[in-house]
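The structure appears below as structure tokens.
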Amino acid sequence: QVQLVESGGGLVQAGGSLRLSCVVSGGTFSSYVMGWFRQAPGKKREFVAGINWRGSSTYYRDSVKGRFTISRDNAKNTVYLQMNSLKPEDTAVYSCAADRRSSIVVSTTSYDYWGQGTQVTVSS
């Protein structure tokens, strides 16, 4: 059974940074497209960033471009999300997800496996 466990969330002031990690077990991590999503209270879950299996291709939502960086370490079965210059509107539960397809997609319905999420709160 594939399991995803996120860590690294917390409370940070606006302008600060956090690094999220997601460890995947029970599957073939190096073959998965990985994505980070977030859901704020009262809002739909939205795509944040994605990375292909090799780490050679990434994709971001416009509002995080230049501030967030997604990366992966296939030897450690881990995907990361480095978040800099955080804003209050980045406050949400952040979840990682794994997709067995070969291309990065933004739709939540395309991803096969999900973690439980980690809370990120940015104070103004």
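The values are calculated or read from the model by the stated rules, or taken from the named source; none is laboratory data. Keep in mind the model is a prediction, meaning the values are calculated, not measured. Positions of Cβ are generated from backbone atoms using ideal geometry, with glycine treated the same way; all protein chains shown enter the neighbour counts. The accessibility values were calculated without ligands, DNA or RNA, using every heavy atom of the protein model including side chains. Shrake-Rupley method; radii C 1.70, N 1.55, O 1.52, S 1.80 Å.
One table, with the values for the structure above:
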item: For the chain, share of DSSP beta bridges that run antiparallel, in % to the nearest 5; result: 90
item: Per residue solvent-accessible surface (Å²) - the range 25-115, probe of 1.4 Å; result: 50
item: Peptides 100-109, 22-31 ordered by average Cβ neighbours within 10 Å, highest first; result: 22-31, 100-109
item: Note, ³J(HN,Hα) from phi for the range 96-103, Karplus 6.51, -1.76, 1.60, rounded to Hz, x at Gly and Pro; result: 9, 8, 10, 10, 7, 6, 9, 10
item: Carbon plus sulfur fraction of accessible area for the chain, probe 1.4 Å, in percent; result: 45
item: Size of the range 13-59 as Cα extents on the principal axes (Å, biggest first); result: 34, 24, 21
item: Cross-link partners of Lys65 among lysines (Cα-Cα below 21 Å; sequence separation of 8 or more within a chain); result: Lys43, Lys44, Lys87
item: Accessible area (Å², 1.4 Å probe, nearest 10) - Tyr32; result: 20
item: Whole-Å semi-axes of the ellipsoid equivalent to the range 83-124 (Cα gyration tensor, √5λ, descending); result: 26, 12, 8
item: Accessible area in the full protein assembly, largest first, 1.4 Å probe, for Glu46, Glu89, Glu6; result: Glu89, Glu46, Glu6
